[in-house]
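Visitor: Mind having a look at this structure? Questions to follow.
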């Protein structure tokens, strides 16, 4: 998905994707209920990459229904809304080394906060979810 940067909204979205640390991934459970959860993510310019443990509910949800949403927090007053909807897939094997390096750099302080090294994180969170966004909305 290409984000149009000619508008103030598009420029703000691109900036937030580079700076934000937490996104909210919403999957759909087996009863059709939305299940939002905070996630770390990396935007590669066309899709989102999310690392997860192999035995999570989000993996089961995506396997059954790959339609997802990923949104960023608002400004706390109902503004600066950014919502992507799209299709998720589970990626077999590790991501490209340059993507992995960028992800590690983005979350280096986060690894310290959860008392993990990047290597420990990669070992525990070794399943990769790729989200292919199809729509963007917000203001």
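The values are calculated or read from the model by the stated rules, or taken from the named source; none is laboratory data. Every value quoted in this text rests on a predicted model; they were computed, and no experiment measured them. Cβ sites come from the backbone with ideal geometry, for glycine too, and all protein chains shown count toward neighbours.
Visitor: State yes or no: is residue 83 modelled with pLDDT of 95 or more, more than 18 Å from residue 44 (Cβ to Cβ) and within 13 Å of the chain's Cα centre (by Cα)?
Guide: Answer is yes for this residue.
For (1) closer than 26 Å to residue 4 by Cβ; (2) touching a strand residue (DSSP E or B) at 6+ places or on another chain (Cβ under 9 Å); (3) surrounded by fewer than 14 Cβ atoms within 10 Å (Cβ to Cβ), each residue gets a yes or a no:
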position: 97; (1), (2), (3): no, no, yes
position: 102; (1), (2), (3): yes, yes, no
position: 108; (1), (2), (3): no, no, yes
position: 111; (1), (2), (3): no, no, no
position: 115; (1), (2), (3): no, no, yes
position: 119; (1), (2), (3): no, no, yes
position: 126; (1), (2), (3): no, yes, yes
position: 134; (1), (2), (3): yes, yes, yes
position: 138; (1), (2), (3): yes, yes, no
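Visitor: So which pairs qualify, if the first residue must be in region 33-47 and without any contact (Cβ under 8 Å) to a residue 40 or more places away in the chain, the second must be assigned to a loop (DSSP other than H, G, I, E, B), the Cβ gap must be under 7 Å, and the two must be at least 6 apart or on different chains?
Guide: Matching pairs, first to second residue: 35/29; 38/22.
Visitor: In region 110-139, which residue that is free of Cβ contacts under 8 Å to residues at least 40 places away in the same chain and assigned to a helix (DSSP H, G or I) is farthest from residue 96 (Cα to Cα)?
Guide: The residue in question is 113.
Visitor: Something else about it: Would you be able to tell me the number of residues in region 61-89 that are exposed (fewer than 14 other Cβ atoms within 10 Å of the Cβ) and touching a residue at least 12 places away in the same chain (Cβ under 8 Å)?
Guide: Total satisfying the criteria: 3.
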